[in-house]
C-alpha cells in the first residue's frame, strides 16, 4: 500500500474559502488581479532562474569539451564534434523527449497531492529510458557505417568519431537516471538542488577532462562527459532519497500505519493499475519525443542544407557560429517552457482552473518579453560574437548578417517554446507535435529551400523560411490555448492524477465543478 501524501488541512481550507471567496471572486476585487499576476510571475521566476543557470552550465560544459578536442588536433575536433552531434540527434534528444511525459503526470500529481504517483512515475520513466537506450546503443555501434554511407564523411573522421561515440555509451544509462530526476524535482517546483548539482558537475568536468584528454585523448574527453554527468545524477539521487526518508518519517509520526508499508511506495498494489500507468506514460512519451526530435532534427537539416550552398565552407562556418548563440539563448527558452508546464500542470492537478489559465497567460507574456530581449541581445552581439570563433573577415561579416535575421527568429522561438510547455502541462503534447510538424516541415523547410536556393538568398533565405514556419506553429498553439476549456482540463487532471487522500477524492467533483463555473 502506498503511504498517504502529506495531510491537507481541509477545515482551514474551507474557512479560507468562505472568508476570501473563490479564486475568480478574489481576482475581481480592487488590485486582486494585479496581485495574482505578480504572484504568478514571482513563482515562475523562482522556477526558471535556477533552470537557466543549470542550462548555462550545460553550455559551458560543451564549450570545455570542444576546447579540449581542439587542443588534440583538427581531426579530433572535427570527429568529436560530428560524433557528439550524432549522439545528440539519435540518442540524447530521444531520451530527453521521452522524459517529457513526466512533466504533465508529475506536475498534475503534485498539484493533486498524490506523492505515490509522483514516485511511481519516476521509476517507470527511468525504466522506459533504459529500455529505449538499448536500440540506441546498437545504432551507435554502427556510427562509422552511418557516417560513411549516409552522410559521405571521410574515413579517418568516421573512425575517430566512432571511438568518441563508443566511449559515450555509458552516458545513455546515466541520462536515463538523470533526466527523470530533473523532471521529478522540477515538477514539484524544486530547482535549486538541480542547479547546485549541475554546478558541481561542471566544476568536476574541467579538471577531469584535462586529465583524461592528456592520458586517453579522444576517448578520455568522451569519458569525462559521462563521468561528470554521473556526479550530477548521484547528487540528485541522494537528495531525492533523503527528502523521501524525511517525508516518510514525518508521515510516520502522524500515522503509525505508514511505518510498515512505506518500503513499498515504489510500485502499485494492483497489476491493472500498473498497466494503466504504463499505458498513460507511453501515450504521452511518444508525442513528447517526436516533438523534441522533430524540432532538433529540423535544425540539423538546416546545417546540412547550408552545406549545399555556394561557398559551402564559409556558409557552414557562419551558420555554426550563429546557432551557437542560439544554443546559448536556448537555455532561457527551455527554462521558461519547463516553468510554464510546471505551473499549469500543478494548478490543473489542484483543480484550480483559474490559476492554470493565469499561469498560461503570464507564461506567454514572459515568453514574448524574453523573445524581444533575446532578439536585442543577438543584435547587440552580432559584431563581437564571431570574433570569439574566427579571424576571417568574410565569415565575421556573414555571421553579422545571419544574426540580424536570427534575431527575428528568437522573437518567435521564445513564445513558441512557452506555448509548447503550456500544452504539455495540460497533458496534450500531441498538439505541440502537430504544430512543430506542420510549421517546420510543411512550411519552414520548403519555404527556406525556395528562398535560399531558388531565390538565391543563401543563409538569409533559409533562416527567413524558419521564421515563417515558427510563426505558423506559434499561431496554431495560441489558437489552441485561447480556445482551451480550463475547467474541463482541470476535471481531467484531477481524475488523471488522483488525490492524496480519500477526502480529496470525495471533494473532486465539487471542486472541479466550482472551478469550471469560475472559468
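The values are calculated or read from the model by the stated rules, or taken from the named source; none is laboratory data. Note that the structure is predicted; figures quoted are calculated from it, not measured. When we count neighbours, we look across all protein chains shown, and the Cβ atoms used for this are built from the backbone with ideal geometry, even at glycine.
One line per residue, one yes/no per condition, for (1) without any contact (Cβ under 8 Å) to a residue 12 or more places away in the chain; (2) under 18 Å from residue 58 (Cβ atoms):
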{"site": "154", "(1), (2)": "yes, no"}
{"site": "162", "(1), (2)": "no, no"}
{"site": "183", "(1), (2)": "no, yes"}
{"site": "186", "(1), (2)": "no, yes"}
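Among the residues of the range 339-352, is any part of a helix (DSSP H, G or I) and free of Cβ contacts under 8 Å to residues at least 12 places away in the same chain? No: the range 339-352 contains no residue that is part of a helix (DSSP H, G or I) and free of Cβ contacts under 8 Å to residues at least 12 places away in the same chain. From 238, 223, which residue is in a helix (DSSP H, G or I) and over 15 Å from residue 61 (Cα atoms)? Result of the check over 238, 223: 238.
Of all residues in the range 178-211, how many are part of a helix (DSSP H, G or I) and within 24 Å of residue 113 (Cα to Cα)? Residues that pass the stated criteria total 12. Yes or no: residue 109 modelled with pLDDT of 90 or more, in a helix (DSSP H, G or I) and surrounded by fewer than 22 Cβ atoms within 10 Å (Cβ to Cβ)? The answer is no for residue 109.
Restricting attention to helices (runs of 4 or more DSSP H) lying wholly within the range 371-471, give those where 2 or more residues are within 28 Å of residue 489 (Cβ to Cβ). So that I can check it myself, show each step before the final result.
On the way: elements: 393-425, 429-436, 445-449.
Correct list: 393-425, 429-436.
Please go through the range 495-519 and pick out each residue that is over 16 Å from residue 359 (Cβ atoms) and either at pLDDT 90 or above or in a loop (DSSP other than H, G, I, E, B) (or both). Residues satisfying the conditions are 498, 499, 500, 501.
If you filter the range 366-390 down to residues that are surrounded by 15 or more Cβ atoms within 10 Å (Cβ to Cβ) and out of contact with any helix residue (DSSP H, G or I) (no Cβ under 7 Å at 6 or more places or on another chain), you find that the one that is farthest from residue 416 (Cα to Cα) is 377. The residue that is modelled with the highest pLDDT, among those in the range 241-271 that are touching a helix residue (DSSP H, G or I) at 6+ places or on another chain (Cβ under 8 Å) and in a helix (DSSP H, G or I), is 244. Might you let me know whether the range 473-494 holds any residue that is at pLDDT 95 or above, out of contact with any strand residue (DSSP E or B) (no Cβ under 8 Å at 6 or more places or on another chain) and farther than 30 Å from residue 110 by Cβ? Yes, because at least one residue in the range 473-494 is at pLDDT 95 or above, out of contact with any strand residue (DSSP E or B) (no Cβ under 8 Å at 6 or more places or on another chain) and farther than 30 Å from residue 110 by Cβ.
Scan the range 119-143 for residues that are under 14 Å from residue 181 (Cα atoms) and over 18 Å from the mean Cα position of the chain (by Cα) and the total you get is 6.
Consider residue 455 carefully, then state whether it is surrounded by 21 or more Cβ atoms within 10 Å (Cβ to Cβ), touching a helix residue (DSSP H, G or I) at 6+ places or on another chain (Cβ under 9 Å) and either without any contact (Cβ under 8 Å) to a residue 40 or more places away in the chain or not assigned by TED's automatic domain parsing to the domain that holds residue 108 (or both). Explain how you work it out, then say what you get.
Values: surrounded by 21 or more Cβ atoms within 10 Å (Cβ to Cβ): no; touching a helix residue (DSSP H, G or I) at 6+ places or on another chain (Cβ under 9 Å): yes; either without any contact (Cβ under 8 Å) to a residue 40 or more places away in the chain or not assigned by TED's automatic domain parsing to the domain that holds residue 108 (or both): yes.
Against the criterion (surrounded by 21 or more Cβ atoms within 10 Å (Cβ to Cβ), touching a helix residue (DSSP H, G or I) at 6+ places or on another chain (Cβ under 9 Å) and either without any contact (Cβ under 8 Å) to a residue 40 or more places away in the chain or not assigned by TED's automatic domain parsing to the domain that holds residue 108 (or both)), residue 455 does not qualify.
Restricting 418, 423, 436, 399 to residues that are buried (at least 24 other Cβ atoms within 10 Å of the Cβ) and closer than 17 Å to residue 189 by Cα narrows the list to 418.
Is it fair to say residue 393 is at pLDDT below 90 and loosely packed, with under 14 Cβ neighbours inside 10 Å? Yes, satisfied.
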